[in-house]
Structures are given as structure tokens and as C-alpha cells.
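Engineer: After the C-alpha cells below, expect a handful of questions from me.
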Amino acid sequence: MNRIAPLTGALLIGLAACGDQPAAPAAPAASDAPVAQAATGNAVTAVRETDPVDTGEDAADDPAIWVNPADPAQSVILGTAKKSGLYVYGLDGKTIQFLPEGRLNNVDIRSVRLGGAMDKTVVVAASDRDNKGLAFYKLDPATRQLSPMGRHASTFADPYGLCLYHSLSTDKLYVFMTDKEKGGAQWRVDGAADGTVTVEKVRDLPLATQSEGCVADDQTATVYVAEENVGIWAFPAEPDQPATATTVAMLAQRPEMAADIEGLAIYRAGQEGGYLIASSQGNNSFALFDLGNANAYKGSFTIAKGAVDGVSETDGIDVTSAALGTDFPHGLFVAQDGTNTDPDANQNFKLVSWDAIAKALKLK
């Protein structure tokens, strides 16, 4: 989260192995394209909330949802407490586990085969600000508990945004991470004989200004990155593809959004359909873009007070289209809440049924 005056800049992306890096994609001017009218009245409410994190002020940050394939009702939500560690919550919002691992900022999760193994491992990765690198964990589906899989240093001054990508063409796992002020990189992740993971840097992602929100679409091999005061970019996730960024949504063209653009998440519907969701922190809303229709803007929603308090100043978000029981029959959206009230408490995460979002925005 960044609350200083907006900076100007654009995303620069280039392969480390290339001699000539591509020119920086310029953020379009506001007059380059028509703009949609700001959505109004699209308020939803949360079904419930998680337990608060253990530290005060700006502390909770990024959630990640793991869908239990054997019993979806036993799925979990991971949540970083960026001053102290990592939480595992049940769908009831109650804490299953807390790992006091220090300043973990962003988190993501994938179920993959590591090191040629036949069985899949549920791998969790987090950006590790204390150790200036990457932290990895394994989630046990039976106990829903995390255990460490190792830490790896980077050359970053302050590790920040993070997302995982599972290549469906090669069955390889990758992690993307950004440095706080600018820049980023991609690493290949694999398993080691001792149960830890190995990492190998495969390319640099030079980002011109502060970027945190990051999500990979495994189905289309695309990674989306939010440059907080500029907008959202998309680029190929495979490390051997040209690192050519394309625009998804620029703040100069989207009056419905206000800096900072923070967390990103993908609601999958079919092979290439679904929605990219972005946290518009500056106006406490969430914008949807249609992945099956050239990233067309579909509308925005807010989370108002209902069974629990509303949501404001959101950092990280996550979403799944999986059916997770009667409360979330068509999916779950999770948002960090910057001001947790009724009663006043430390920050936490709010759980919203996808049905409420689809109804508010008249989605099919």
C-alpha cells in the first residue's frame, strides 16, 4: 500500500538474457480511448470475516484461497500479517494456524508435482521482507497446516508483490516477485530431495514504479501486474516468450478507479472466460474486467456493512469460482479490510459470496 502523492511512469519489461530490452510501454493518455461511466449502487455485503491479525495498524495484507478437492467445505484461506507472519483460516473465519514467520507481505498457492514426483504438493510462496527473498511452505491437506520448505535470498532491497504461475504446457512452477520501489523477477521453483524447494532466476521484470498486485492466469499463460499509480499490465508468463506488455486498464482512462491499484485476482469461468478483479484502494471499490471480451470493463462494486462491517482501503484480494458449500455455491471472494470495526479491532479479511457480486453487476 502506498499513500504518497501519485507518481508517473510506465511498466518496463525485458528478458534478462536479451541484449536489447523492449521499449517501455507508455501509459495511454486519457484522450486515447473513450471512458465508461462510473458504476454506482453496486454494494454487496460479506457473509462473514476472519479473526483479526495479531498486530495493529496497517498489518493484514494479502489472502490466498486453497480449494480442498476432496472436501470443498474444508478449504482454507491463507492471509499474511505483514508485520508478523502467516495465518491459515477455515471458511468459518476461525484461525487454524498462525506461523510467526516475520514480515511476509504477499502470498500465493498452487498444487503441483515437484522434482518429478507422481503426487502433488500444495506449495505456498510468500514475499519475505525480513530476509529479502522468498519463503516457501507446504500445506498438508489432511491437517490444513503449513510446514516450512525453505527460504531463498534475492537481490531485492524490499520484496513486495508476489504470485505463482503453473505452466500447463511444461508442468513447471514459477514465482513472480516485485521489489517495492521498482523492478521484479521470475524464478523457476522445483523440489529438492530433502523436501525443500530450489529456485532458479529465469528473467528480470524491470518495473518503472511501485508495483504490488500480481496474479497469473495459468489457463492462458498470462501474468497481470498492477503498477499502483499507473494501471494494470498483462504480459506472457512463459519465460521463453517475448516480454511484451499490453495494457489492461490505465488510471488515465478509468474514472471508476483511483490509485492505488492494489490486489489482483482472477475468477475463472471456462477455459478463457472469467473476470480479472482489481482492488481500487483510492475509492474503496473493486473493478471487474471481462477476460473473454478483450478485458472490457464490466463494472465495480463495494463491500458495505451487513452481517459484519464493510470494507475499505483494501490491499490484497483473492477469488475462486469453485463451489464451497451453501454459503458460497458459485465461488468466494476474499478482501483485506483496512479498517475493521463493529467492534473496533485489528485488520482482517472479509468473505463475500460470488453470487452477491454477480447479482450486483448483473453478470451471467
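Engineer: Would you say G133 is farther than 24 Å from Y87 by Cα and of a type outside the set (K, R)?
Structural biologist: no
Engineer: Mind listing whichever residues of segment 81-101 are open to solvent by less than 10 Å² (accessible area, probe 1.4 Å) and among the polar types (S, T, N, Q)?
Structural biologist: Of everything in segment 81-101, nothing turns out to be open to solvent by less than 10 Å² (accessible area, probe 1.4 Å) and among the polar types (S, T, N, Q).
Engineer: Take the residues of segment 250-286 that are in contact with a Pro (Cβ under 8 Å, 6 or more places away or on another chain) and small (G, A, S): which is surrounded by the fewest Cβ atoms within 10 Å (Cβ to Cβ)?
Structural biologist: Taking the candidates together, the pick is A252.
Engineer: I need the full set of residues from segment 196-215 which are at pLDDT below 95, assigned to a loop (DSSP other than H, G, I, E, B) and open to solvent by 20 Å² or more (accessible area, probe 1.4 Å), in order please.
Structural biologist: P206, A208
Engineer: Hey, another quick one. What number of residues in segment 52-67 are part of a loop (DSSP other than H, G, I, E, B), open to solvent by 10 Å² or more (accessible area, probe 1.4 Å) and among the hydrophobic types (A, V, I, L, M, F, W, C)? Outline the logic, then answer.
Structural biologist: Our first condition is that a residue be part of a loop (DSSP other than H, G, I, E, B); within segment 52-67, this holds for 52-59, 67.
Still in the running and open to solvent by 10 Å² or more (accessible area, probe 1.4 Å): 52, 54-58, 67.
Pick out the ones that are also among the hydrophobic types (A, V, I, L, M, F, W, C) and you get 67.
Count: 1.
Engineer: Looking at D190, D218, D240 in this structure, which one is closer than 30 Å to G90 by Cβ, open to solvent by 10 Å² or more (accessible area, probe 1.4 Å) and either among the charged types (D, E, K, R) or modelled with pLDDT under 95 (or both)?
Structural biologist: Only one candidate qualifies: D218.
Engineer: For residues in segment 179-235 being hydroxyl-bearing (S, T, Y) and under 21 Å from D61 (Cα atoms), which is farthest from the chain's Cα centre (by Cα)?
Structural biologist: In this case the residue turns out to be T209.
Engineer: Considering only residues of segment 68-80 that are of a type outside the set (S, T, N, Q) and in contact with a strand residue (DSSP E or B) (Cβ under 6 Å, 6 or more places away or on another chain), which is surrounded by the fewest Cβ atoms within 10 Å (Cβ to Cβ)?
Structural biologist: Among residues in segment 68-80 that are of a type outside the set (S, T, N, Q) and in contact with a strand residue (DSSP E or B) (Cβ under 6 Å, 6 or more places away or on another chain), the one surrounded by the fewest Cβ atoms within 10 Å (Cβ to Cβ) is I77.
Engineer: Can you find a residue in segment 145-160 that is of a type in the set (V, I, T), on the phi < 0 side of the Ramachandran plot and open to solvent by 20 Å² or more (accessible area, probe 1.4 Å)? Walk me through how you get there before you give the answer.
Structural biologist: Taking segment 145-160 and keeping what is of a type in the set (V, I, T), we get 155.
Retained after the next criterion (residues that are on the phi < 0 side of the Ramachandran plot): 155.
Filter once more, keeping what is open to solvent by 20 Å² or more (accessible area, probe 1.4 Å): 155.
There is at least one residue in segment 145-160 that is of a type in the set (V, I, T), on the phi < 0 side of the Ramachandran plot and open to solvent by 20 Å² or more (accessible area, probe 1.4 Å).
Engineer: Let me ask another. Hey, does segment 60-76 have a residue that's modelled with pLDDT under 95 and over 21 Å from Y267 (Cα atoms)?
Structural biologist: No, that holds for no residue.
Engineer: Going through segment 113-129 one residue at a time, which ones are more than 19 Å from A153 (Cβ to Cβ) and small (G, A, S)?
Structural biologist: Hits for segment 113-129 are G115, G116, A117.
Engineer: From the list S300, S321, S312, exactly one residue is closer than 19 Å to R254 by Cβ and not hydrophobic (A, V, I, L, M, F, W, C). Which is it?
Structural biologist: Going through S300, S321, S312 in turn, just one is closer than 19 Å to R254 by Cβ and not hydrophobic (A, V, I, L, M, F, W, C): S300.
Engineer: A further question on this structure: On the given criteria, is T302 in contact with a Gly (Cβ under 9 Å, 6 or more places away or on another chain), closer than 23 Å to F349 by Cα, among the hydroxyl-bearing types (S, T, Y) and surrounded by fewer than 23 Cβ atoms within 10 Å (Cβ to Cβ)? Walk me through it before giving the result.
Structural biologist: Details: in contact with a Gly (Cβ under 9 Å, 6 or more places away or on another chain): yes; closer than 23 Å to F349 by Cα: yes; among the hydroxyl-bearing types (S, T, Y): yes; surrounded by fewer than 23 Cβ atoms within 10 Å (Cβ to Cβ): yes.
Answer is yes for this residue.
Engineer: If you don't mind, there's one more thing I want to ask. Please give the number of the condition P343 fails out of (1) free of Cβ contacts under 8 Å to residues at least 60 places away in the same chain; (2) surrounded by 24 or more Cβ atoms within 10 Å (Cβ to Cβ).
Structural biologist: Of (1) free of Cβ contacts under 8 Å to residues at least 60 places away in the same chain; (2) surrounded by 24 or more Cβ atoms within 10 Å (Cβ to Cβ), only one is false for P343: (2).
Engineer: While we're looking at this one, here's another question. Going by the structure shown, is T320 open to solvent by 10 Å² or more (accessible area, probe 1.4 Å), without any contact (Cβ under 8 Å) to a residue 12 or more places away in the chain, among the β-branched types (V, I, T) and closer than 24 Å to A73 by Cβ?
Structural biologist: Working: open to solvent by 10 Å² or more (accessible area, probe 1.4 Å): yes; without any contact (Cβ under 8 Å) to a residue 12 or more places away in the chain: no; among the β-branched types (V, I, T): yes; closer than 24 Å to A73 by Cβ: yes.
Taking the combined requirement at face value, the residue does not satisfy it.
Engineer: Being over 14 Å from V124 (Cα atoms) and β-branched (V, I, T) is the filter here, so list the residues in segment 65-108 that pass it.
Structural biologist: Those that are over 14 Å from V124 (Cα atoms) and β-branched (V, I, T): T95, I96.
The values are calculated or read from the model by the stated rules, or taken from the named source; none is laboratory data. Treat the numbers as computed from the prediction; the structure is a model and nothing was measured. For neighbour counting, all protein chains shown are included, and Cβ atoms are generated from backbone atoms with ideal geometry for every residue, glycine included. Note: accessible area is taken over every heavy atom of the protein model, side chains too, but ligands, DNA and RNA are not part of it. Shrake-Rupley method; radii C 1.70, N 1.55, O 1.52, S 1.80 Å.
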